[in-house]
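This report refers to the structure that appears directly beneath it.
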Amino acid sequence: MSEPTFRTPKGTHDVLPEDHQYMTYIKKAVRHRARQAGYKRIDTPMFEDKGIFERGIGEHTDIVEKELFTVTGKRDGEGKERTYALRPEFTAGICRSYIEHGMQLLPQPVELYAIGQCFRYDRPQKGRYRQFHQFDFEVIGLKDPSLDAQLISMTCNIFKDLKILPRLNLQINNIGSQENRQAYVTALKDFFIGKERHLPEQDRERLKLNPLRLLDSKEEDTRILLKSAPTFSQFLSDESKQYHATLLEYLDALNVTYVPNEQLVRGLDYYTQTVFEFWDQSTGAQNAVGGGGRYDGLMELLGGKPTPGVGFAGGIERTIWHMKEAGVQVPNKDQVDVFVAQLGPEAKKACLQLVAELRDKGVHTVGALGEASLKSQMRLADKFEARYTLLLGKLEVKENTIILRDMKAGKQKQIAFKDAIPQVVDLLGKENLDTYVLRDHIGGETDED
Ligand code: HAM
C-alpha cells in the first residue's frame, strides 16, 4: 500500500468501528449508572473563552501553561480579538453553564454528567493523546461527605460493570480548605529557602509559581528533599480532618476499597478537600484511568456565588485499553445477519424490497448491491461474515421462490419467496432482532450518542 497523502494529526486517532463497540458499551454503563443516581446529561461547547480555563484550572498548571489548544476568533466590531481554547476537561465549562443558566435556583445538588472529546496539547505518548474522550460527573450546590462517597461509589460501580475494577487502585486524600492550602504553601516555600539550588530547574520554577506541584515531582533530588519537608496533614484543619474521616467511614459502609495517599494533590488548581484518582495497579500514578475531587472555590473564580461542588472524570481511551488488557469482550452489535444476493434486473428489484423489509424487522441486512455474478456475491457474503444468505436468481423469480443458505453449516434450501422473512426471523430468534422502541417518546432526540 502506498503512503497516504494525509494522516490524522499527531496525538489524535480515528475511532474505528472495533473501538466504537467498546465506546458504546462504556457510554451505556455510564448512562445507566448516572441515571440511576439522578444525574442529567449536559453538553457544553467544545471551545470556551480561554479565561474560563485559566481562572478555573489555574494559570500555572501544566494543562493551562503548556497544553491548551487555543483558537483565535475573528476580530469583533471594536477590532478586539477573542481567544478561545478547546476544552481540556468538562468541569470549568459545566460550572460556567451552571452560573449562566441560574442553576442555583434548581433543587440542589444539581447532578450533571457529560461524555465527549477533550483536547490537551500534550506530548503524545502511550495513553496520552491530544484529543481524547472523557466521561464526567459533577455534583454542584451542596457540600457533604455523603455526596463525595456516593460519587466515588458510583464510579467504582462503573469500573466494576466494565470488569476492570480489580486492575485499579483507588487513591484518596484530603488537601484541606483554601486557607489550609495557603498555609501549607507558605510553609513549603519557607522550607525550600536556601535549598533552591538543589532543585532541578523545572522544580525551581514550580516552587516559584505553584509549589504544591512539587509534591508530585518525579525528580529524585526533589523527592529526597521532600522527605524532610512539612507534610500536608500538619496543616489540615480539624474540620478538614473530620470531613475526610467521615468520608472514609461512608466509603467503608459502601464497601469501597481505597488507599489513603497523603502525596496525592492532582494537577488542577481548583481542588479543595477531597481528591481521588484511579491508578493502574501496575504503573501507579502514570496514566490514571480517572480522577476527581471537590472544588468548593471554583464557582467564585468563574464569577458565580460561592457554591460547593464535587466531580470526577474518567478517560475513555484508557478505560478501553484496560478492558482489552483484561480480555473483556463487548458484544458485537454490528454483525451482518443476512446477505441478499440477486441476479438480473427483476430479482434486484424484488430484493431491494426484501432488504428494506428485513431491516425494518430488525434484521441486519446487506445486499442487492451490484451486478456481480452470484458466485462472487457469495464470496462477498462470506467476507461480511453473514450468518445467512438469501439468493434470488432468474429462475427463482419465475418460480416465486428464493434460496436460503446457512453460511456456517454450508446448507441451503429452496423456499417460497413469501416465507423468506418469517423463516429468517425464526432462525435468528425474535429476541435477537435489532428493533427499538422510543418508549414514552415525546419529542427531541434520543440520547444514544
Ligand atoms: P484529569 O485527571 O485531568 O481530571 O483527567 C481525567 C482523566 O482523563 C484522566 O484520569 C485520564 O484518564 C483522562 N485523560 C486526561 N488527559 C488525557 C490525555 N492527554 N490523553 C488521554 N486521556 C487523558 C479532570 O479532567 C477533571 N476535570 C476531573 C474532575 C471532574 N474533577 C472534578 N470534576
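Does Gly311 satisfy being within 22 Å of Leu214 (Cα to Cα) and near the ligand (Cβ under 6 Å from one of its atoms)?
no
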Candidates Ile152, Ile140 - the one that is closer than 28 Å to Leu168 by Cβ, assigned by TED's automatic domain parsing to the domain that holds Tyr25, in contact (Cβ under 8 Å) with a residue 40 or more places away in the chain and away from the ligand (no atom under 11 Å from the Cβ): Ile152
Would region 403-411 turn up any residue that is within 44 Å of the chain's Cα centre (by Cα), under 12 Å from Leu343 (Cβ atoms) and touching a residue at least 12 places away in the same chain (Cβ under 8 Å)? no
Here are the criteria: (1) part of a helix (DSSP H, G or I); (2) surrounded by 12 or more Cβ atoms within 10 Å (Cβ to Cβ). Tell me which single one Ser376 does not satisfy. (2)
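To keep it simple, each residue is scored yes or no on (1) more than 16 Å from the ligand (Cβ to nearest atom); (2) over 13 Å from Phe312 (Cβ atoms).
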{"residue": "Ser97", "(1), (2)": "no, yes"}
{"residue": "Phe132", "(1), (2)": "no, yes"}
{"residue": "Ile158", "(1), (2)": "no, no"}
{"residue": "Lys163", "(1), (2)": "yes, yes"}
{"residue": "Asn169", "(1), (2)": "no, yes"}
{"residue": "Asn174", "(1), (2)": "no, yes"}
{"residue": "Glu179", "(1), (2)": "yes, yes"}
{"residue": "Tyr184", "(1), (2)": "yes, yes"}
Restricting region 239-283 to residues that are within 16 Å of the ligand (Cβ to nearest atom) and charged (D, E, K, R), the residue that is surrounded by the fewest Cβ atoms within 10 Å (Cβ to Cβ): Asp280
Filter region 385-400 down to the residues that are part of a loop (DSSP other than H, G, I, E, B) and open to solvent by 90 Å² or more (accessible area, probe 1.4 Å), then identify the one that is farthest from Ala416 (Cα to Cα). Glu385
For region 43-70, the count of residues that are under 21 Å from the mean Cα position of the chain (by Cα) and away from the ligand (no atom under 13 Å from the Cβ) equals 5
Mind counting the residues in region 56-112 that are hydroxyl-bearing (Ser, Thr, Tyr), in contact (Cβ under 8 Å) with a residue 24 or more places away in the chain and within 17 Å of Pro45 (Cα to Cα)? 5
Members of region 336-352 that are at pLDDT 95 or above and not in a strand (DSSP E or B): Val336, Asp337
Quick one: count up the residues across region 284-307 that are of a type in the set (A, V, I, L, M, F, W, C), open to solvent by less than 40 Å² (accessible area, probe 1.4 Å) and within 11 Å of the ligand (Cβ to nearest atom). 3
Looking at region 322-333, can you tell me whether even one residue there is surrounded by 17 or more Cβ atoms within 10 Å (Cβ to Cβ), in a loop (DSSP other than H, G, I, E, B) and either within 16 Å of the ligand (Cβ to nearest atom) or without any contact (Cβ under 8 Å) to a residue 40 or more places away in the chain (or both)? no
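Table: residues versus (1) open to solvent by less than 20 Å² (accessible area, probe 1.4 Å); (2) more than 29 Å from Tyr129 (Cα to Cα).
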residue	(1), (2)
Lys66	no, no
Asp76	no, yes
Phe90	yes, no
Gly93	yes, no
Gln104	no, yes
Is at least one residue of region 287-301 closer than 19 Å to Ala187 by Cα and out of contact with any Leu (no Cβ under 8 Å at 6 or more places or on another chain)? no
Looking at this structure, is Phe159 at pLDDT below 95, open to solvent by less than 40 Å² (accessible area, probe 1.4 Å) and of a type in the set (Phe, Trp, Tyr)? no
Among the numbered criteria (1) assigned by TED's automatic domain parsing to the domain that holds Ile316; (2) modelled with pLDDT of 90 or more; (3) farther than 22 Å from Gly176 by Cβ, which single criterion is violated by Gln286? (2)
Taking the stated definitions as given, is Thr389 hydroxyl-bearing (Ser, Thr, Tyr), farther than 30 Å from Gln104 by Cα and more than 16 Å from the ligand (Cβ to nearest atom)? yes
Can you tell me which residue within region 334-354, out of those that are acidic (Asp, Glu) and either over 25 Å from the mean Cα position of the chain (by Cα) or closer than 13 Å to Lys394 by Cβ (or both), is least open to solvent (accessible area, probe 1.4 Å)? Asp337
Being open to solvent by 80 Å² or more (accessible area, probe 1.4 Å), of a type in the set (Ser, Thr, Tyr) and either touching a Ser or Thr at 6+ places or on another chain (Cβ under 6 Å) or at pLDDT 90 or above (or both) is the requirement here; does Ser228 meet it? yes
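The values are calculated or read from the model by the stated rules, or taken from the named source; none is laboratory data. Just so we're clear, the structure is a prediction, and the values are computed from it rather than from any experiment. Don't worry about glycine lacking a Cβ; one is built from the backbone with ideal geometry, like all the others, and counts go over all protein chains shown. Please note that ligands, DNA and RNA were not included when accessible areas were found on the heavy atoms of the full protein model with its side chains. Shrake-Rupley method; radii C 1.70, N 1.55, O 1.52, S 1.80 Å.
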